[in-house]
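K.L.:
Pasting in a structure now, in structure tokens, and then I'll have a few things to ask.
The values are calculated or read from the model by the stated rules, or taken from the named source; none is laboratory data. The structure presented is a predicted model; accordingly, all values stated were derived computationally and were not measured. Note that we place each Cβ from the backbone using ideal geometry, even for glycine, and neighbour counts take in every protein chain shown. Surface areas here come from the heavy atoms of the whole protein model, side chains and all, with no ligands, DNA or RNA. Shrake-Rupley method; radii C 1.70, N 1.55, O 1.52, S 1.80 Å.
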Amino acid sequence: MRVAMPFVQRVAQVFFAASLSLLAAGPPKPQIFSLAYSPDGKVLAIGQYKEVQLLDARTRKPLGTLPGHVEVVRSLSFSKDSKRLAAAGGVAGVKGEVKIWDVATLAQSATVSGHYDTIYAVAFSPDGNTIATSSYDKFVKLWDTQTGKEIRTLKDHIDAVYSLSFTPDGKRLLSGAADRTIKVWDTATGERLFTLGEPTDGINSIAVDPTGKMVAAAGLDKSIRIWALEAKSARLLQSQIAHEDAILKLAWSPDGATLVSSSADRTIKVFSVPQLTEVKTIAHQPDWTYALEFAPDGKTFAAGRYDGSLSIYDVNGFRDIAEVRTASTR
Amino acid sequence: MPTPEGGWNFRNHVIPVLTKSGCNQGACHGALAGKGGFKLTLRGYDPEVDYDVLTRQSVGRRINLADPANSLILRKPTMKTPHGGGLRFKPNSLEYRILAEWIAAGTPAPSPKDKEILGLEVQPKKATLAVGGEQQLKVTARYSDNSTADVTRWVKYNSNNEGVASVDDSGRVKINGSGEAAVTLWYSSRVLYATMTSPYPNQVPAEAYSKFPRRNYIDDLVLAKLKSLNIQPSGEIPDATFLRRVFLDTAGILPTAEEVEQFLADKSPDKRVKLIDALLEREEYVDYWAYKWSDLLLVSSRKLRPTATRAFYNWIHESVQQNKRWDQFTREIFTSTGSTRQNGALNYFVLHKDPIDLTENVTQAFLGQRLTCARCHNHPLEKWTQKQYYQMANLFSRVGVKNGDDPSESIIFAKTSGDINHPRLLRPMAPTPLDGTSMPLDSDADRREHFAKWLTSPKNEMFARNVVNRVWGTLMGKGLADPIDDVRATNPASNEELFAAVSKDYVEHGYDNKRLIRTILNSAAYQRAADANGTNKDDNRFYSKYVIRRLPAEVMLDATSQVLGVPTPFGGFPVGTRALQLPDSQVASQFLTVFGRPARIICDASERSSDPSIGQALHIINGDTLNKKLSNPEGYISLLLRLGLSDARIVEHMTLSAFGRYPTDDERQQMAKALGESRPAKGTAEQQKDARRQALEDMVWAMLTSKEFLFNH
């Protein structure tokens, strides 16, 4: 929606826009902001600028593109039956948006609009009826996936909420935020059950283990912490400085034995859990690895980065077995 | 302005845009917690961190590589998206262009190969203008690749005296009133200042300067400054004023009545010079300055045991007695090891045990720099960086303190390991004194020695300026840099040429405090009257007249005891101990506390307060201290009465003793009348004696509570 502006400004805008395109260094490499594997192991979804790329998980051949997102796609979540994909983003400082896609037909089945800022995490509930979103606007929201209507808002965090995870039974939702806390919510009532306050700086990523009994969280204080999730509280099991700079993403292996972390210190580290014993450091990452996801068979994990590079590491030896350059259809 | 070859540089172009636009100031995103989840380093002191925050943090929300104009970092400051910080620049501005073009170029990162800024230059460095006049400043940055750039529009400007000169964001100065102001410049963690002078609109004849006595180089430089400002100096003081003033400023005591009479009667032309020499040889001179340095070094039994306090004080006292060179005095603290009982100086390390405390105290006490701000970020007012803070702190990370044979003794030794980490980098910095050279982290030499060498080097201007300013300010009533303990680069002296000359003289002649004091006291600038003439009523900075000041608490108490002949009792000390001889600021005395004796908790000159208070007034009017001494049967009033002296003689003696001068004829008449009238017409001899005594006590009370007594003028 354009607001009328003085002639001088319009001329200046045109002039500067033109000069920007003259000076631009060429179309930027398509950056990777998020990744997700479909639970059936067939599809790898890559969240990019304004679109989602779908690749065959095994061959890495392109399967299709999901276009039309308003800006960067910052979070992806498949429904448990692998039939639907939620792709979340929005416009920074303005609004949040989620498009729910039908994976088979590549058609959009619903759009969710809300939040006052871009959405950083989206998660399908295990039963597929609800999606949870969290945003820079400090709120967590629950939405009906059929109608796209908001069910409720969970208001308690006092800073951007970057990460969400349902427990495998779908009864509880966990959120990790820049306010240094992880909160545990009852999905049916929206009640905040308890807060984990041990982190000493903002949280970027949380991961619930496959059994739903533990949660790991990490962020700006460079440490990984693991708690045992109980009925009314959580018990801190491990706390360890793991990296030399902020930790960006955590991923829990499907067999629950391994935790992988990526960091702004340009490394990816592999730990055996729950003792958090370091198994491997994969150094010399070309850029910040925002996205880290295990393939459902647990044999590999994918790392997607700010500079558009994608690596697939196998868990025996941690070699990068793929040289993948994603293409843009724009 | 054309885009430079190679594009806009993040460190040298983008960061200055963020700084000048106020994005990274302390009130906004430079705050400790940032704003709205977006935190930049304060005034861009760490470009590498800022780069990650801008491009990659929060999953890259702030910069849109595919569509630069829609980057949040451009939408917010131009208010395309609501922004708590308001409009910072417009889309057609150079600020916008630099950011937008830098994004379009793919946000090139800062690199260690970037040219580094070495320093700033300003033109003009000084300007003399009439009120209403304007001056545009031009600021040039010099870089490590030998290039220069005009950075005038990116500098942050400030005036230290808006009443004289104000400055706008573009570096245009406007003169608002007469006097002198320093316009300080801040750019890229470098600081500088330009001096703006506006002479007063006085008619001062040339002879006022040429005929004014000049006793030494101090006078040449003071008069030159006064001439440039069109301020006429006040005249020289008469002998009586000089005598009292110089006694108080040199030794903290009043001259006795006999000393007053002798000096006033002396006809020799060089009697003032001789008096200064004699005062500098007195025990009281040693006591007075030992007390001052004990203030500086925080000698107090609050944290030290009484015997340790005494040992620390004794070392200071002996050092003043020997007129120990200041650099040697300082070096002794930092290069000694062993028992704090045998070497009182080492108690310094019992008072300041950790590297943070040592860093901040050492820089304040011996360099006149306030480093505390740099503990968390680059200093906003000076050139010190957080890295330098922790480089300095690591000089003090190996000071070992262990118990000695008895509880009041500690042993100071140099440990061979131990480091303090930089809080963000999480590793220790190579020990480096502020702008000195580093020593290797793995060296096991005593790090304090390395520090002491730099500290006391003749090249270390801060070291000399700090002590010179403290001595100068004590004698002249105001430091060349004000406050007296703040000689940072952005707090320029009121007369920089003078400050430089006195410091140079001091260093070249062996850091000799006694000589420095002698030089200052002998100058005509010191011996000026406090009375204003038509031109210098408002001047308290340029030494056109003596700055009147209240006597410090201890001097006041001692003077009262001296005039009344009744010493003040101090618990645990022999009778007759003067307040200025107390080795410990914890010795109980309500009088001293009420009148602003420093608690010696932090090294800050403002600990000694001379602010007036109700408590002080009440203490003088009703308090025990003065009243008990007045009526003491062993005191001088009783003595003078017992000797059978007349009212006139008593008045004369008390005036000589308290005011250092003879009473005027008018005073003699008035006092005689008042005392006469106070005698009752009738009554027994006892009652008459009593009434007379009361009257005399009242008279002396009035003298001792008058401004003439309580102030140094």
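K.L.:
Scan B:390, B:348 and give me the residue that is open to solvent by 10 Å² or more (accessible area, probe 1.4 Å), within 24 Å of residue B:434 (Cβ to Cβ), in a helix (DSSP H, G or I) and touching a residue at least 12 places away in the same chain (Cβ under 8 Å).
P.N.:
On inspection, the qualifying residue turns out to be B:390.
K.L.:
Please tell me if residue B:67 is farther than 20 Å from residue A:289 by Cα and facing chain A (nearest Cβ under 9 Å).
P.N.:
Answer is yes for this residue.
K.L.:
Return yes when residue B:267 is under 30 Å from residue B:130 (Cα atoms) and of a type in the set (D, E, K, R) and no when it is not.
P.N.:
Spelling it out, it is not the case that residue B:267 is under 30 Å from residue B:130 (Cα atoms) and of a type in the set (D, E, K, R).
K.L.:
I want to confirm something. Restricting to region B:114-129 and keeping residues that are farther than 30 Å from residue B:176 by Cα and open to solvent by 50 Å² or more (accessible area, probe 1.4 Å), which single residue is farthest from the other protein chains (Cβ to nearest Cβ)?
P.N.:
Selected residue: B:118.
K.L.:
Out of contact with any Pro (no Cβ under 6 Å at 6 or more places or on another chain), over 16 Å from residue B:585 (Cβ atoms), part of a helix (DSSP H, G or I) and open to solvent by 30 Å² or more (accessible area, probe 1.4 Å): does that describe residue B:327?
P.N.:
No.
K.L.:
Here is a further query. Does residue B:141 qualify as being closer than 24 Å to residue B:377 by Cα, more than 8 Å from chain A (Cβ to nearest Cβ), within 34 Å of the chain's Cα centre (by Cα) and buried (at least 20 other Cβ atoms within 10 Å of the Cβ)?
P.N.:
yes
K.L.:
Select from region B:147-161 the residues that are assigned to a loop (DSSP other than H, G, I, E, B) and either closer than 21 Å to residue B:15 by Cβ or at pLDDT 95 or above (or both) and list them in ascending order.
P.N.:
Result: B:147, B:151, B:155.
K.L.:
If you scan region B:506-525, which residues turn out to be in contact (Cβ under 8 Å) with a residue 60 or more places away in the chain, within 17 Å of residue B:276 (Cβ to Cβ) and not β-branched (Val, Ile, Thr)?
P.N.:
B:512, B:513, B:514, B:518, B:521, B:522, B:523, B:524, B:525
K.L.:
OK, next. Tally the residues that are in a loop (DSSP other than H, G, I, E, B) and either of a type in the set (Gly, Ala, Ser) or touching a residue at least 60 places away in the same chain (Cβ under 8 Å) (or both), restricting the search to region B:569-581.
P.N.:
4
K.L.:
Quick check on residue B:542: is it in contact with a Gly (Cβ under 8 Å, 6 or more places away or on another chain) and either more than 20 Å from residue B:283 (Cβ to Cβ) or open to solvent by 20 Å² or more (accessible area, probe 1.4 Å) (or both)?
P.N.:
no
K.L.:
Something else about it: If I ask for residues that are among the hydrophobic types (A, V, I, L, M, F, W, C) and touching a Leu at 6+ places or on another chain (Cβ under 6 Å), which ones from region B:258-297 would you list?
P.N.:
B:260, B:263, B:276
K.L.:
For region B:92-106, give me the residue count where each residue is assigned to a loop (DSSP other than H, G, I, E, B) and crowded, with 20+ Cβ neighbours inside 10 Å.
P.N.:
Residues flagged as assigned to a loop (DSSP other than H, G, I, E, B) and crowded, with 20+ Cβ neighbours inside 10 Å within region B:92-106 amount to 0.
K.L.:
If I ask for residues that are of a type in the set (Gly, Ala, Ser) and crowded, with 16+ Cβ neighbours inside 10 Å, which ones from region B:431-472 would you list?
P.N.:
Within region B:431-472, B:436, B:452, B:464 meet the criteria.
K.L.:
Considering only region A:167-184, state which residues are part of a strand (DSSP E or B) and either on the phi > 0 side of the Ramachandran plot or crowded, with 24+ Cβ neighbours inside 10 Å (or both).
P.N.:
Matches in region A:167-184: A:173, A:174, A:175, A:176, A:177, A:182.
K.L.:
Mind checking whether some residue in region A:104-111 is touching a residue at least 40 places away in the same chain (Cβ under 8 Å), more than 12 Å from chain B (Cβ to nearest Cβ) and surrounded by fewer than 23 Cβ atoms within 10 Å (Cβ to Cβ)?
P.N.:
yes
K.L.:
If you don't mind, there's one more thing I want to ask. Considering only region A:235-310, give the strands (runs of 3 or more DSSP E) lying wholly within it that have at least 2 residues that are hydroxyl-bearing (Ser, Thr, Tyr) and either buried (at least 18 other Cβ atoms within 10 Å of the Cβ) or within 14 Å of the chain's Cα centre (by Cα) (or both).
P.N.:
Output list reads A:258-263, A:289-294.
K.L.:
Could I ask something else about it? Among the residues of region B:29-42, is any at pLDDT 95 or above, touching a strand residue (DSSP E or B) at 6+ places or on another chain (Cβ under 7 Å) and open to solvent by less than 50 Å² (accessible area, probe 1.4 Å)?
P.N.:
Yes, there is a match, as at least one residue in region B:29-42 is at pLDDT 95 or above, touching a strand residue (DSSP E or B) at 6+ places or on another chain (Cβ under 7 Å) and open to solvent by less than 50 Å² (accessible area, probe 1.4 Å).
K.L.:
Filter region A:114-126 for residues that are more than 14 Å from chain B (Cβ to nearest Cβ) and modelled with pLDDT of 95 or more; which is most open to solvent (accessible area, probe 1.4 Å)?
P.N.:
A:126
K.L.:
Filter region B:2-28 down to the residues that are open to solvent by less than 40 Å² (accessible area, probe 1.4 Å) and without any contact (Cβ under 8 Å) to a residue 40 or more places away in the chain and list them by number.
P.N.:
B:18, B:24, listed by residue number.
K.L.:
Another question, then. Please name all residue pairs, on different chains or six or more residues apart, with Cβ atoms under 8 Å, provided the first residue is in region B:395-424 and is at positive phi and the second residue is surrounded by 17 or more Cβ atoms within 10 Å (Cβ to Cβ).
P.N.:
B:418/B:397; B:418/B:398
K.L.:
Now, a different point. Limited to region A:127-147, what total is found for residues that are assigned to a loop (DSSP other than H, G, I, E, B), open to solvent by 10 Å² or more (accessible area, probe 1.4 Å) and in contact (Cβ under 8 Å) with a residue 24 or more places away in the chain?
P.N.:
6
K.L.:
Report every pair of residues separated by at least 6 positions or lying on different chains whose Cβ atoms are under 8 Å apart, first residue within region A:238-261 and in contact (Cβ under 8 Å) with a residue 60 or more places away in the chain and more than 22 Å from residue B:57 (Cα to Cα), second of a type in the set (A, V, I, L, M) and not in a loop (DSSP other than H, G, I, E, B).
P.N.:
If the second residue must be of a type in the set (A, V, I, L, M) and not in a loop (DSSP other than H, G, I, E, B), the pairs left are A:253/A:259; A:253/A:260.
K.L.:
Is it the case that region B:9-26 has a residue that's within 12 Å of another protein chain (Cβ to nearest Cβ), out of contact with any strand residue (DSSP E or B) (no Cβ under 9 Å at 6 or more places or on another chain) and modelled with pLDDT under 95?
P.N.:
No, that holds for no residue.
K.L.:
Still on this model: What number goes with the only condition from (1) open to solvent by 70 Å² or more (accessible area, probe 1.4 Å); (2) part of a loop (DSSP other than H, G, I, E, B); (3) away from chain A (no Cβ under 14 Å); (4) in contact with a Lys or Arg (Cβ under 7 Å, 6 or more places away or on another chain) that residue B:84 does not pass?
P.N.:
Condition not satisfied by residue B:84: (3).
K.L.:
May I pose another question? Output the number of residues of region B:44-64 satisfying the condition of being within 11 Å of chain A (Cβ to nearest Cβ) and outside any helix (DSSP H, G or I).
P.N.:
Residues that pass the stated criteria total 5.
K.L.:
Looking at B:170, B:111, B:198, B:166, which is the one that is open to solvent by 20 Å² or more (accessible area, probe 1.4 Å) and under 30 Å from the mean Cα position of the chain (by Cα)?
P.N.:
Matching residue, one of B:170, B:111, B:198, B:166: B:166.
K.L.:
Would you confirm whether or not region A:82-89 contains a residue that is in a strand (DSSP E or B), within 14 Å of chain B (Cβ to nearest Cβ) and touching a Gly at 6+ places or on another chain (Cβ under 6 Å)?
P.N.:
Within region A:82-89, none of the residues are in a strand (DSSP E or B), within 14 Å of chain B (Cβ to nearest Cβ) and touching a Gly at 6+ places or on another chain (Cβ under 6 Å).
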